[in-house]
Structures are given as C-alpha cells and as structure tokens.
1. Of the conditions (1) at pLDDT 95 or above; (2) out of contact with any Lys or Arg (no Cβ under 6 Å at 6 or more places or on another chain); (3) aliphatic (A, V, I, L, M); (4) not in a helix (DSSP H, G or I), B:Ala22 clears all except one; give me its number.
2. Can you name every residue in segment B:127-167 that is within 23 Å of B:Phe258 (Cα to Cα) and of a type in the set (Gly, Ala, Ser)?
3. Given the condition more than 24 Å from A:Arg175 (Cα to Cα) and in contact with a helix residue (DSSP H, G or I) (Cβ under 8 Å, 6 or more places away or on another chain), answer yes or no: does some residue in segment A:268-280 qualify?
4. I'd like the residue in segment B:303-312 that is at the interface with chain A (Cβ under 7 Å from one of its Cβ atoms) and among the β-branched types (Val, Ile, Thr) and, out of all such residues, is surrounded by the fewest Cβ atoms within 10 Å (Cβ to Cβ).
5. Quick test for you: out of A:Val48, A:Val62, A:Val37, pick the one residue that is under 12 Å from A:Gly13 (Cβ atoms), in contact with a Phe, Trp or Tyr (Cβ under 8 Å, 6 or more places away or on another chain) and either in the same structural domain as A:Val314 (by TED's automatic domain parsing) or not charged (D, E, K, R) (or both).
6. Taking the condition of being surrounded by fewer than 24 Cβ atoms within 10 Å (Cβ to Cβ), out of contact with any strand residue (DSSP E or B) (no Cβ under 8 Å at 6 or more places or on another chain) and on the phi < 0 side of the Ramachandran plot, how many residues in segment A:196-222 meet it?
7. Please find, among A:Ala120, A:Ala128, the residue that is in the same structural domain as A:Val308 (by TED's automatic domain parsing), surrounded by fewer than 20 Cβ atoms within 10 Å (Cβ to Cβ) and under 28 Å from A:Leu321 (Cβ atoms).
8. Which ones in segment A:163-180 are crowded, with 19+ Cβ neighbours inside 10 Å and farther than 30 Å from B:Val331 by Cα?
2 protein chains.
Amino acid sequence: MKKGQTIRVIQYGLGPIGAATARLVTERSELQLVGAVDIDPAKVGRDVGDVASMGMNTGIRVCERLSDLDSTARADVVLHTTSSFFPTFMDQIAEILGFGCDVVSTSEELAFPWLANREAAERLSKIAKKAKKTVLGTGVNPGFLMDSLPLFLTGICQRVDRIEAMRAINASLRRGPFQAKIGSGLSLEEFEERMRSGRMGHIGLPESIGMCFDTLGRPLDRYTSSVEPIVADRRIRTDHFVVEKGQVRGLHQTAQGFSDGAEFVRLVFIAALDWSENHDEIRIRGVPDLEVRLSGTNGDLATVAIAVNAIQRVIDAPPGLMTMRDLPPVVCGG
Amino acid sequence: MKKGQTIRVIQYGLGPIGAATARLVTERSELQLVGAVDIDPAKVGRDVGDVASMGMNTGIRVCERLSDLDSTARADVVLHTTSSFFPTFMDQIAEILGFGCDVVSTSEELAFPWLANREAAERLSKIAKKAKKTVLGTGVNPGFLMDSLPLFLTGICQRVDRIEAMRAINASLRRGPFQAKIGSGLSLEEFEERMRSGRMGHIGLPESIGMCFDTLGRPLDRYTSSVEPIVADRRIRTDHFVVEKGQVRGLHQTAQGFSDGAEFVRLVFIAALDWSENHDEIRIRGVPDLEVRLSGTNGDLATVAIAVNAIQRVIDAPPGLMTMRDLPPVVCGG
C-alpha cells in the first residue's frame, strides 16, 4: 500500500494494553480501527468504544473470533495483544496471517524468538513469508529498553566489551494488575511457591539477551537468571494493595549472558512498591564507555506507543518474522 | 554481496577522522582496507599505515586521486571523510559512485541533505540510483545525538509536542584542532569577524532539525540559529592553547525549528575550554515525557565508530541517498 493511504487496523485482545492501543489507533489520522476481537464473554458483542473506554461509540462490535468479523472489516494490520507465550499465541498469529494481514504483537516471546524459541520462530517465519505478510514483536521491554536501544547505542562504539541495562520501577505509580504481577502482598512462602511454578517475574529477559548477542554476533555460551523477592520493612498502602511488614512488595530479577567465559550482557529488572528509583540505565563498556540514564519510560504508555508507531514500518517491511533490530527506527506517528 | 564475505574498503581523506576510520577498518576482521586517497602532497605516496599511525606498513600507498588507485584496489565501499560542504564533496561522491562503490561519508551536510540542500540531494540520489549504489551520511552529530537518537526515542511516545537536545563539551579534553574550531584564544572582535564570514560554529544543526521535522511529518515554518562566544574569566591553559582572561574559550550555539507557530525542536551546542559539563541531554515533551542523559559520547571516537559500523548496513541497503533514519539500527561491528 502507498504512503499516505489510511491503514485499516484490527485490535486483537482488549486487556488494558489492547484497550489502550485501540484508543491510540482512533486518535491517529493515518489509522482506522475496523475490527476488534476478544474471547472474554463480558466484552463480546459490545461496542469497542465502550469496552476500551473511548468515550464514544465506534459502531464496531467486539467479536469472539477473527473469523466472526464482517468482510467489511478486511484490514491491513492486526494489533495483537493477547498472551506472552508461544503455545497460546502461535495459532492466533498463524490465523491472522491466513486472514491476509500484517501483525504487530506485544507478545514478549515474539520480541526476539530466535534464541529461546527458534523452532517455533522458523515455523512462524515460513508461514509469514508464504502469506507475503510481516510479523513484528515489539514493546518497551522486551523490544526497546534492554535490547534495541542498547544496540542502537553501540552504533557509536568502536568496540563493545560488556552491556548492562537496569530498569527500576516504583510500582506504586503503576496499575493494580502490575502491582499484583510483581508479588505485592504475598508471603515469602507464596512468592517461593509461585516462583517454583514459573509464574513470577518479568517476561522477556531471555528475548532481550538473545537480540543483543545475535545482533552483535556473539555466541551465547551460558544464560543464567534469578528472581528474588523484595520484602516490605513497614506497612505500604497503594490504591490497590495493603502490604504488611514482612510481606513481599516487589521483585529483583537478574539475567546474565556469557560469551567466551565472561559476562557480556547483564540485565537487571527491579519493580517494587514505594521503590525509591524509577528510571532506566544502560552502561556500555568499550570504546568509548557510554552511560545513559532515562526517565519517564512508563511501561504501559510506552508499549502502547511503540506498538501503534510500528504499524507503518511493518506495512513497509518485507515479508517474514521481524524484530526491532531488523527495521528502520520506529518513530512517533509514523 | 553475501553476509560473511570480507568487505573491501577505500579510505578517502586522511585527516584526523579519516586516519582513525582507516585504523579501525584494519582492526575489523570483516573489513579489508584496499586503498587510500588524500590530496595532501605530504601524504601522497606514503604507506597509509605510516600516514594514519597504524604502527605497521600496510603495503597500501596513499594516492592523490581515486583514479590513481590500481585496479587491484577495486573496492565495495569508500569511507569518505573530506569536506563538510556540498560544493566540495559533491564531485567526489559522484566520482566514487562512478567507480562502482557504495559510500559512507562523515560530511555533515550529507547527514540529512533533504532540507538545507534538497536540489543537490536529489541530483546525488539520482546518480546513486543510476549507479545502483548507496550513499549514507553519518556521524555522531549530525547523524546520531541530535537526530536519529531522539527520533528512535520517540518510538515509545504516543505523542510528541517538543524535542530538545543539548550537547555540552568540555573542549579541554579534546584535540587541538577542535579547540581552535570553537574559537579558543580569539579576541571578541576576531570571533565576530569569523562569525560574519560564516566560519564559526558547529556544522550540522540544520541537518539534524531537518531530519527530525521530516521524519515526524511536521512542516518546518521557520528556522533560526545563533552563535555566541563564551569568554574566559581567567587564564586557561591546555596542551594546545593559552587563553587569557577576556579572550574566547568556546561557543554557545542554538538552533530552533518552528511548526504551527511554536518551537518544535531546539538544539543547543556548547563547547568551551574548562566547561564544567561534558554530557548530552535529550528531552521529549509529549506522552510520556522522556528525559535522557548520555555520558561518554566522545565526538571523535563516536564518529569514527558509527562511520565504520555503518558499512555493513550500506552494503545491504537499496540504492540511493540514505540517511540514518532510513536504515535498520547501525550497531557495533555489524
């Protein structure tokens, strides 16, 4: 399609992120929302303007399945914001491609699937190429802060010896589901129990490490990761939680990738209620050494932005499974 | 050419930046230096390893003209580091394209020529496309800090109202020619005289403003710029200069681009001997507001890095005149 033409968008998934991407689509003159999909019976059949709190009726009813959409909803691209994990989203993405649309997805495991999920990535890439369509996984983290941005910064380095990225989030400033996700209000035993069942911690660090190693041509010898609880030393009250002294107020997560026996990438993710820091840091050791500090990178706002901003790039991209290191810079409104 | 093949590089221009890019090329296993060009009679005929202080002989003699190179020097790409200005480099780039090579240039006016030099840019683009070759202008500033990096950051913004970038350089830490370029040791009268003849100030702010406006789809209604001297309030001694109290120790430069009557981009460049700050700041007002602070972005090291790092991207790029906003992220070593 030509630049300047309106791009027709279907919103697939109407959780908090999907509702926000749908709202942003309706605010962009170059984009037109033409359909919405969500499996939640409480949402199916309602106007997406109502479900996504747009303050207006759009005339677009939420469908349970992509195949339920009218033929009038034929779209150029689907904004996909459902599950983080391949076993759930794989068939959804394949179905979208069969529908003849490009895909921008916020699924964390799609941000760089070539390391942690190579086989599934190859399968998906093949399906996309056959459909002559593009799939992009993006978001602020993974997709930006701990991978494509550090990589972009290495452009001004003659040599890179080590990359360190740290994200510190004062979760008191974030929405309730985020506060819950980091373990707020759990006992230490409950936290450990969730850890053991693999349901605790930020998703996406292996994807970020994979993108850094692969793009810089380093072999990844070893990957380690850990998640530790951060415990309240006094009662904390937010709009969503009351956390007693001794209960969990957040988590401290580290992922390391090693090359040639030495740590090459270290990612640290800290999110806790009343955490004193709320910023990101990237340190690159090499020639020159770089230190970058970012403030204001609100995860929800930023993920919604980058997903919608990526639409034009995905429309312009060649077919296949792309990641943020493969495309020209995604910029606001374009 | 295929990924993994050695890329054959000619170095065109052996000033301080060109000597350093030539050195970095010889350090990269994927690159091979195969020729060197400089018009300086003091350099012509000597081994480039000697001219560029590589601490070794390369067997490559510096030629005065591109056409003097042996046929054995047939190369894939030319690293072009001569003049900042179109009237000087236009014929050089055209000659390189005629020679059948891609071009990576550090010429400031090439970083984004579509605004300040549109006609020449269109001519050059046509020549490049006809030759089926790619031309890229890059560097740390213009090319990165005040244009492609802020643009990359807008990727996580839902809306951008205003962009501000500030670069502060303690010039005491930089080489002699840089200290001279910013007016060190001049009287105020001499500074004003040089200003009037257009020989004072950082080159590239119009290019950075042009890239920001054009990429974000904003019309540029008005462009203003100013250069003010920074005067020493005490005697300053560096390895290269003694600046007396009352003499110039540097400059403070501002460029502003307006859209719809309001300032949309403001760039501030400060470089002075013994300046207390030595970092970069990018502020984006919008949703969300972003503040980014960078340390370590040494101009010489960074420009050399990004020029050499861009080679692979230029080899892979489609024919024509490209700028940093058109290509996937340039990363270290790739």
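The values are calculated or read from the model by the stated rules, or taken from the named source; none is laboratory data. Predicted, not measured: the structure shown is a model, and the values here were computed from it. Note that each Cβ is placed from the backbone with ideal geometry, even for glycine, and that neighbours are counted across all protein chains shown.
1. Answer for B:Ala22: the failing condition is (4).
2. Correct list: B:Gly143, B:Ser148, B:Gly155, B:Ala165.
3. no
4. Among those residues, the one meeting the criterion is B:Ile306.
5. It is A:Val37.
6. 5
7. Of the residues listed, the single one that is in the same structural domain as A:Val308 (by TED's automatic domain parsing), surrounded by fewer than 20 Cβ atoms within 10 Å (Cβ to Cβ) and under 28 Å from A:Leu321 (Cβ atoms) is A:Ala120.
8. A:Ala171, A:Ser172, A:Arg174, A:Gln179
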